Amino acid sequence: AQSVTQLGSHVSVSEGALVLLRCNYSSSVPPYLFWYVQYPNQGLQLLLKYTTGATLVKGINGFEAEFKKSETSFHLTKPSAHMSDAAEYFCAVRTSGGYQKVTFGIGTKLQVIP
Amino acid sequence: EAGVAQSPRYKIIEKRQSVAFWCNPISGHATLYWYQQILGQGPKLLIQFQNNGVVDDSQLPKDRFSAERLKGVDSTLKIQPAKLEDSAVYLCASSLVSGSADTQYFGPGTRLTVL
């Protein structure tokens, strides 16, 4: 079985400040990990994903995430928040090999304060 | 490249009525997914198609929900009869293949309100 825990359903940061959204996963086999962003009244858009290889993954809009196996974490960061980053962010896990459905976390709503 | 199309975008019905949602995936994408996203939660997979065959429908409430993907392209999701707890956003997604690392592309969703 696999699961995802996102700590903090709401996160507020000031414009220009560091963005840190936390994600921990549980998986019995090596996972594939994803971060999606959802703007109001829109579908989900892939920010970045980790499959194999380099553990620091860079995505769109200046976001990056680091896969830490020892901590079972895949936290999302961005050095400097923009107003346009205000959205809901979902972490997701899918086990590698064979068929496995994607399991999403409950989401973290990011508010950027001017 | 056109994205995943869904219609309608919004639907309001009364409980016990029926409703249908339509999805047109990205051209050439073999895999199609329907998700249910209840307010305050992450998307939950309802059903996954590989071409026109069902790969996973373990979380689909089959007593009231049904889905089909004729000819391996468009898909419809139906609820009959609807319950209050079916109020949610229904998201359709597609991917080129069904591999674990494959990127899923999401449509804008259909927001269903059941009164």
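The table that follows gives values for the structure above.
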quantity: Length added when fully stretched, residue A:3-residue A:17, from 0.36 nm per residue minus Cα-Cα; calculated: 2.1 nm
quantity: Kirkwood hydrodynamic radius (C-alpha pairs) into Stokes-Einstein, region B:1-112, 37 °C and 0.692 mPa s, D in µm²/s; calculated: 236 µm²/s
quantity: Size of electric dipole in chain A: Cβ of Lys, Arg +1 and of Asp, Glu -1, about Cα centre, debye, nearest 20; calculated: 300 debye
quantity: Karplus (6.51, -1.76, 1.60) ³J(HN,Hα), θ = phi - 60°, over region A:22-27, in Hz, Gly and Pro reported as x; calculated: 9, 9, 10, 10, 10, 7
quantity: Inter-centroid distance (Cα atoms) of region B:73-115 relative to region B:33-53, Å; calculated: 5 Å
quantity: Neighbour cut-off at most 14 other Cβ (10 Å), DSSP loop, trypsin sites (Lys or Arg not before Pro), region B:1-106; calculated: B:9, B:15, B:16, B:62, B:64, B:83
quantity: Region A:1-108: trypsin sites (Lys or Arg not before Pro) in DSSP coil with no more than 10 other Cβ atoms inside 10 Å; calculated: A:69
quantity: Positive minus negative residues near residue A:89 (Lys, Arg vs Asp, Glu; Cβ under 15 Å); calculated: +1
quantity: Computed over chain A: relative contact order in percent, which uses C-alpha pairs under 8 Å that are six or more apart; calculated: 38 percent
quantity: Cleavage-rule hits (GluC sites (Glu not before Pro)) in region A:16-89: DSSP loop, at most 13 neighbouring Cβ within 10 angstrom; calculated: A:71
quantity: Two-site FRET efficiency, residue A:55 against residue B:17, from Cβ-Cβ distance with R₀ of 45 Å, rounded to 0.05; calculated: 0.35
quantity: Neighbouring partner chain Cβ atoms per residue of B:35-41, average, 10 Å criterion; calculated: 3
quantity: Other protein chain Cβ atoms within 10 Å, averaged over every residue that makes up A:48-55; calculated: 1
quantity: Label-point gap, in nm, between residue A:28 and residue B:74 - each point 7 angstrom along Cα→Cβ; calculated: 4.1 nm
quantity: Under the Karplus curve 6.51 cos²θ - 1.76 cosθ + 1.60, θ = phi - 60°, whole-Hz ³J(HN,Hα) for region A:69-86, x wherever Gly or Pro sits; calculated: 5, 5, 9, 6, 10, 8, 6, 9, 9, 8, x, 9, 6, 10, 4, 6, 7, 4
quantity: Under 5 Å, built H, 5+ apart or other chain: amide partners of residue A:15; calculated: A:113
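Values quoted throughout were computed directly from the atomic coordinates according to the rules given, and no laboratory measurement underlies them. Small disclaimer: the values here were computed from a predicted structure and weren't measured. Please note: Cβ atoms are built from the backbone with ideal geometry, for glycine as well, and neighbour counts cover all protein chains shown.
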